[in-house]
Amino acid sequence: MYKIVAKRELVPHTSLFEFSAKEITAKTKPGQFVILRIDEGGERIPLTIADANVEKGTITVVCHEVGKSTKQLGSLKEGDCILDLLGPLGKPAEIGKFGTVLCVGGGVMVAPLHFQVKAFREAGNKVIGVIGARTESHLIFEDEMREVCDELYVATDDGIRGYKGLDFLKELLKERKIDRVIAMGPIVTLKTVSELTRPHGIPTIVNLIPIMVDGMGMCGACRVTVGGKTMFACVDGPDFDGHQVDFEELMTRMKMFTPQEKLAFVFYEQGGRSL
Amino acid sequence: MSKPKPKIKKEVVPMPKQDPKERIRNFNEVALGYTEEQAVAEAERCLQCVKAPCVQGCPVEIDIPAFIQLIRERKFDEAIRKVKEGNSLPAICGRVCPQEAQCQANCTMGKVGDPISIGRLERFLADWERQRGYEILQHSNSTGKRVAIVGAGPAGLTAAADLAKLGYEAVIFEALHKPGGVLIYGIPEFRLPKKIVEEEAEYIEKLGVTIKTNAMIGKLYTIKELLEQFDAVFIGTGAGLPRFMRIPGENLCGIYSANEFLIRVNLMKAYDFPRFDTPVFVGEKVAVIGGGNTAMDSARCALRLGAKEVKIVYRRSRQEMPTRAEEVENAEEEGVVFEFLTNPRRFIGNDRGWVKAMECIRMRLGEPDASGRRRPIPIEDSEFTTDVDTVIMAIGRTPNPIIQQTTEGLQVTKWGTIVTDENGKTSIEGVYAGGDIVTGQATVISAMGAGKKAAKAIHQYLMKK
């Protein structure tokens with residue numbers, strides 16, 4: 001059992017959790033993920049690690065309630081326990097001294113991006129941060145990002161807050177010398193960022209968490225085509241060259257279980273499950 | 001004159017099974033097991049050969065004639081004790097061992113009639129004990145030494161049990177959330193109920209073994225770090241990586257690796273969705289690619305999940321199938337169709353990215369290849385297209401690579417298996433390995449045999465140290 005030692009609602013339906021997991025904490029590096037299972041009937045949920053506190057022995061994840069399992073996780077409180085927590089999984093992000101690194105985060109993935117930004121800064125890089133969300137009320141980690149980035153830009157899909165969409169990056173990429181781009185967030189965002197950087201030939205790393213079951217290379221559910229080759233995001237990634245990823249295929253594969261996910265959600269809302 | 005010998009029955013006592021029409025609608029166990037009377041009747045057929053050729057065919061060297069004799073005498077408690085001297089997981093082995101290729105292949109009775117059904121008798125005894133509660137036998141005094149076991153599959157569980165009996169503190173590190181390895185994620189409920197795997201794992205814990213789940217060695221700790229805390233390490237991480245054909249369209253929706261499909265259905269209990277969260281999709285026309293036990297398991301799961309038509313597509317012919325005859329028979333009884341000498345060329349998707357058809361080519365058999373089986377050769381211009389909405393790739397598994405990638409100095413073959421001597425000793429002192437991680441994909445019982453051998457070797461090593 002793994003205890004929730006702290007929980008904080010960041011914005012409605014999005015919460016930050018700190019789990020007590022001393023062994024995992026000691027080995028965690030930015031870019032890696034955990035797989036958790038809430039209870040005996042639960043599915044294995046992959047979540048990118050947003051922080052690891054060695055002194056407290058905790059790892060942090062941020063979860064947005066989109067379906068049955070994430071909603072159930074969101075209903076847990078400080079002091080509650082989950083049944084299983086496995087990690088750290090996946091290869092750590094490559095943190096080196098690149099020069100100026102543009103870090104683009106969307107939605108809840110801004111939190112794990114923050115974990116990477118800290119590492120890039122420590123490694124002596126200048127970091128330009130971009131955070132985005134669908135709308136202002138979904139923006140998370142703005143203050144935290146402002147604290148660690150040399151510059152920070154904000155964008156929303158509806159443009160109510162900051163820039164409208166990511167088109168403004170065109171100018172930025174033209175005017176500034178950027179040595180590396182890191183993108184974490186919804187697949188569409190990763191695709192957009194990769195397309196924007198492609199003409200400039202800037203190495204662009206995207207962090208992919210497709211549908212997974214075991215998360216350790218056994219099932220192949222997370223397969224993604226990168227440069228014409230099939231890779232497993234869980235063990236070959238989660239970081240890949242954004243200019244090589246077949247995003248269309250990935251988006252299709254992410255929808256493979258949509259009808260079942262809807263059914264599970266309805267079942268849960270009606271109080272189903274008696275395990 | 002000696003009194004006339006009673007005539008020995010040549011025919012095996014049949015195993016009661018669930019009716020195929022019934023069983024394709026449930027995940028309950030297919031084979032129902034012998035009653036006491038049936039077990040004794042089957043045991044009566046044993047000739048009690050002095051040379052015991054059956055034992056030579058057993059990777060864990062169970063004293064088969066002895067336990068069969070005890071069944072005849074209805075001393076079931078002593079009989080199961082005898083089995084457990086060689087095998088800590090009898091309820092599992094009695095169900096999934098390919099006895100027809102091992103102990104039973106050597107049975108003298110097999111030369112004149114049906115061989116003794118040793119597997120069914122083993123299963124009978126194990127179930128007899130399970131119903132009464134496991135007996136924990138006194139074992140050796142503590143040696144004060146600790147051994148880390150990586151992987152709670154058949155090899156790791158066996159090695160841990162044997163080491164515990166020899167007085168070692170054995171700690172198993174398992175990456176999944178449940179122990180059992182392929183027994184829990186791969187083999188379906190109707191062939192090996194998960195309750196049995198759980199009970200046998202609990203039995204091993206009662207022997208004094210600690211099982212630590214959610215612990216992926218290579219990520220959480222390296223082998224080197226384990227060696228700082230333990231006197232020896234056994235690696236039994238298995239062959240769990242799915243193989244794909246690398247043909248066009250393989251990443252379309254509706255195409256699974258057998259591993260993904262079986263993990264969803266068995267480990268995550270997708271057959272009981274939405275009571276269990278993990279879903280699985282099975283369409284109407286299912287093609288399972290491959291001819292091994294995993295292909296049979298996948299096909300039979302797909303039928304139970306509502307598929308109208310399940311086809312096994314295999315590139316060789318029936319004779320070359322690396323499958324237990326019993327499983328092929330069960331699959332056929334249930335309505336699985338076999339398409340031999342056929343191989344997929346590419347998968348064709350619909351406009352939503354789902355597989356809708358499969359282009360295949362017919363094959364013929366040429367000269368034997370490295371495996372000793374005749375090599376399949378494509379027949380030119382024999383391509384044809386068939387409609388499918390679900391495909392399960394069951395063409396084999398490769399070794400799990402994480403330990404090899406994270407352990408400096410560990411000698412590995414070009415196939416990714418770990419190099420050991422015949423007792424499981426690796427290139428690193430104090431580190432042993434066994435099972436599929438050494439041999440490549442093989443059977444549960446051969447992994448158990450390797451676990452047993454390695455436990456012996458570790459014992460010898462630590463006694464000298």
Just one listed residue, out of B:Leu163, B:Leu227, B:Leu207, is more than 17 Å from B:Tyr461 (Cβ to Cβ) and of a type outside the set (Val, Ile, Thr), and it is B:Leu207
Requiring at least 2 residues that are without any contact (Cβ under 8 Å) to a residue 24 or more places away in the chain, the strands (runs of 3 or more DSSP E) wholly within the range B:371-465 are B:374-378
Within the range A:15-27, the residues that are touching a residue at least 60 places away in the same chain (Cβ under 8 Å) and open to solvent by less than 20 Å² (accessible area, probe 1.4 Å) are A:Leu16, A:Phe19, A:Ala21, A:Ile24
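Among the residues of the range A:248-260, what is the count of those that are more than 7 Å from chain B (Cβ to nearest Cβ) and either open to solvent by less than 20 Å² (accessible area, probe 1.4 Å) or assigned to a helix (DSSP H, G or I) (or both)?
The first filter runs over the range A:248-260 and keeps only residues more than 7 Å from chain B (Cβ to nearest Cβ), leaving A:248, A:250-251, A:254-255, A:258-259.
Restricting the remaining residues to those that are either open to solvent by less than 20 Å² (accessible area, probe 1.4 Å) or assigned to a helix (DSSP H, G or I) (or both) gives A:248, A:250-251, A:254, A:258-259.
Adding up the residues that qualify gives 6.
Answer with yes or no whether B:Arg246 is at positive phi, facing chain A (nearest Cβ under 10 Å), free of Cβ contacts under 8 Å to residues at least 40 places away in the same chain and in contact with a strand residue (DSSP E or B) (Cβ under 9 Å, 6 or more places away or on another chain).
Working: at positive phi: yes; facing chain A (nearest Cβ under 10 Å): yes; free of Cβ contacts under 8 Å to residues at least 40 places away in the same chain: yes; in contact with a strand residue (DSSP E or B) (Cβ under 9 Å, 6 or more places away or on another chain): yes.
Yes, satisfied.
Could you identify the single residue in A:Val11, A:Val54, A:Val62 that is more than 10 Å from every other protein chain (Cβ to nearest Cβ) and open to solvent by 40 Å² or more (accessible area, probe 1.4 Å)?
On the way: A:Val11 fails: open to solvent by 40 Å² or more (accessible area, probe 1.4 Å); A:Val62 fails: open to solvent by 40 Å² or more (accessible area, probe 1.4 Å).
Selected residue: A:Val54, the only one of A:Val11, A:Val54, A:Val62 that is more than 10 Å from every other protein chain (Cβ to nearest Cβ) and open to solvent by 40 Å² or more (accessible area, probe 1.4 Å).
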Next item on the list: Inspect the range A:24-47 for any residue being among the hydroxyl-bearing types (Ser, Thr, Tyr) and away from chain B (no Cβ under 13 Å) and give the result as yes or no.
Entry: no
Here the qualifying pairs (Cβ atoms under 9 Å; residues six or more apart or on different chains; first in the range A:37-54 and acidic (Asp, Glu); second in a strand (DSSP E or B) and open to solvent by 20 Å² or more (accessible area, probe 1.4 Å)) come out as A:Asp51/A:Glu18
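Specify which of the listed residues (B:Arg373, B:Arg346) is over 25 Å from the mean Cα position of the chain (by Cα) and either within 18 Å of B:Ala258 (Cα to Cα) or modelled with pLDDT under 95 (or both). Steps first, answer last, please.
Numbers: B:Arg373 fails: over 25 Å from the mean Cα position of the chain (by Cα).
Result of the check over B:Arg373, B:Arg346: B:Arg346.
Kindly check whether there is at least one residue in the range B:374-383 that is open to solvent by 50 Å² or more (accessible area, probe 1.4 Å) and either among the basic types (Lys, Arg) or within 30 Å of B:Ala159 (Cα to Cα) (or both). Give the derivation first.
Going residue by residue through the range B:374-383, those that are open to solvent by 50 Å² or more (accessible area, probe 1.4 Å) are B:374-375, B:377-381, B:383.
From what's left, either among the basic types (Lys, Arg) or within 30 Å of B:Ala159 (Cα to Cα) (or both): B:374-375.
Yes: one or more hits.
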B:Asp389 vs (1) more than 29 Å from B:Arg315 (Cα to Cα); (2) more than 19 Å from the chain's Cα centre (by Cα); (3) crowded, with 16+ Cβ neighbours inside 10 Å: all pass except (1)
Being under 24 Å from B:Arg191 (Cα atoms), among the β-branched types (Val, Ile, Thr) and outside any helix (DSSP H, G or I) narrows B:Val13, B:Val83 down to just B:Val13
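Given the criterion at the interface with chain A (Cβ under 9 Å from one of its Cβ atoms) and either touching a Ser or Thr at 6+ places or on another chain (Cβ under 9 Å) or aromatic (Phe, Trp, Tyr) (or both), identify the matching residue among B:Phe234, B:Phe273, B:Phe230. Walk me through how you get there before you give the answer.
Details: B:Phe234 fails: at the interface with chain A (Cβ under 9 Å from one of its Cβ atoms); B:Phe230 fails: at the interface with chain A (Cβ under 9 Å from one of its Cβ atoms).
Just a single option satisfies the conditions, and that option is B:Phe273.
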Within the range B:76-122, residues of a type in the set (Val, Ile, Thr) and either open to solvent by less than 20 Å² (accessible area, probe 1.4 Å) or free of Cβ contacts under 8 Å to residues at least 24 places away in the same chain (or both) come out as B:Ile80, B:Val83, B:Ile92, B:Val96, B:Ile116, B:Ile118
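From the residues in the range A:234-247 that are more than 8 Å from chain B (Cβ to nearest Cβ), part of a helix (DSSP H, G or I) and not aromatic (Phe, Trp, Tyr), which one is least open to solvent (accessible area, probe 1.4 Å)? Spell out the reasoning first.
Keep residues of the range A:234-247 that are more than 8 Å from chain B (Cβ to nearest Cβ), which gives A:234, A:236-247.
Within this subset, residues satisfying the condition of being part of a helix (DSSP H, G or I) are A:234, A:236, A:247.
Now restrict to residues that are not aromatic (Phe, Trp, Tyr): A:234, A:236.
Working: A:Cys234: 6, A:Asp236: 60 Å².
Only one residue fits best here, namely A:Cys234.
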Among the residues of the range B:250-269, the number that are in contact with a Pro (Cβ under 9 Å, 6 or more places away or on another chain) and more than 8 Å from chain A (Cβ to nearest Cβ) is 4
Those residues of the range A:72-90 which are more than 13 Å from chain B (Cβ to nearest Cβ) and either in a loop (DSSP other than H, G, I, E, B) or surrounded by 21 or more Cβ atoms within 10 Å (Cβ to Cβ) (or both) amount to A:Ser75, A:Leu76, A:Lys77, A:Glu78, A:Gly79, A:Asp80
Taking the range B:163-192 and keeping only residues that are open to solvent by 20 Å² or more (accessible area, probe 1.4 Å) and away from chain A (no Cβ under 14 Å), one is left with B:Lys165, B:Leu166, B:Glu169, B:Glu189, B:Arg191
B:Arg300 fails exactly one of (1) of a type in the set (D, E, K, R); (2) in a strand (DSSP E or B); (3) crowded, with 21+ Cβ neighbours inside 10 Å, namely (2)
In the set A:Met218, A:Met231, the lone residue that is open to solvent by 20 Å² or more (accessible area, probe 1.4 Å) and either among the acidic types (Asp, Glu) or within 14 Å of chain B (Cβ to nearest Cβ) (or both) is A:Met231
For the range A:266-275 the number of residues that are of a type outside the set (A, V, I, L, M), within 8 Å of chain B (Cβ to nearest Cβ) and either touching a strand residue (DSSP E or B) at 6+ places or on another chain (Cβ under 6 Å) or outside any helix (DSSP H, G or I) (or both) is 3
Counting only residues that are touching a strand residue (DSSP E or B) at 6+ places or on another chain (Cβ under 7 Å), open to solvent by 30 Å² or more (accessible area, probe 1.4 Å) and under 22 Å from B:Lys269 (Cα atoms), the range B:12-51 contains a total of 1
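Given the criteria in contact with a helix residue (DSSP H, G or I) (Cβ under 7 Å, 6 or more places away or on another chain) and within 30 Å of B:Gly254 (Cα to Cα), does B:Pro378 qualify? Steps first, please.
On the way: in contact with a helix residue (DSSP H, G or I) (Cβ under 7 Å, 6 or more places away or on another chain): no; within 30 Å of B:Gly254 (Cα to Cα): yes.
When the stated conditions are applied, B:Pro378 does not pass them.
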So the strands (runs of 3 or more DSSP E) completely within the range A:1-71 holding 3 or more residues that are touching an Asp or Glu at 6+ places or on another chain (Cβ under 9 Å) and not acidic (Asp, Glu) are A:2-11, A:14-20, A:33-37, A:58-64
When every residue in the range A:201-215 that is open to solvent by 20 Å² or more (accessible area, probe 1.4 Å) and assigned to a loop (DSSP other than H, G, I, E, B) is compared, the one nearest to B:Gly254 (Cα to Cα) is A:Ile211
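Take A:Leu263 and decide whether it is assigned to a helix (DSSP H, G or I), of a type outside the set (Lys, Arg) and facing another protein chain (nearest Cβ under 7 Å). Outline the logic, then answer.
Working: assigned to a helix (DSSP H, G or I): yes; of a type outside the set (Lys, Arg): yes; facing another protein chain (nearest Cβ under 7 Å): yes.
Taking the combined requirement at face value, the residue satisfies it.
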State whether one or more residues within the range B:203-210 are more than 17 Å from the chain's Cα centre (by Cα) and without any contact (Cβ under 8 Å) to a residue 12 or more places away in the chain. yes
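The values are calculated or read from the model by the stated rules, or taken from the named source; none is laboratory data. Because the structure is a prediction, the values reported are computed rather than measured. Glycine also receives a Cβ, built like all others from the backbone with ideal geometry; neighbour counts cover every protein chain displayed. For the accessible areas, the whole protein counts, side chains as well, though only heavy atoms, and no ligand, DNA or RNA atoms are used. Shrake-Rupley method; radii C 1.70, N 1.55, O 1.52, S 1.80 Å.
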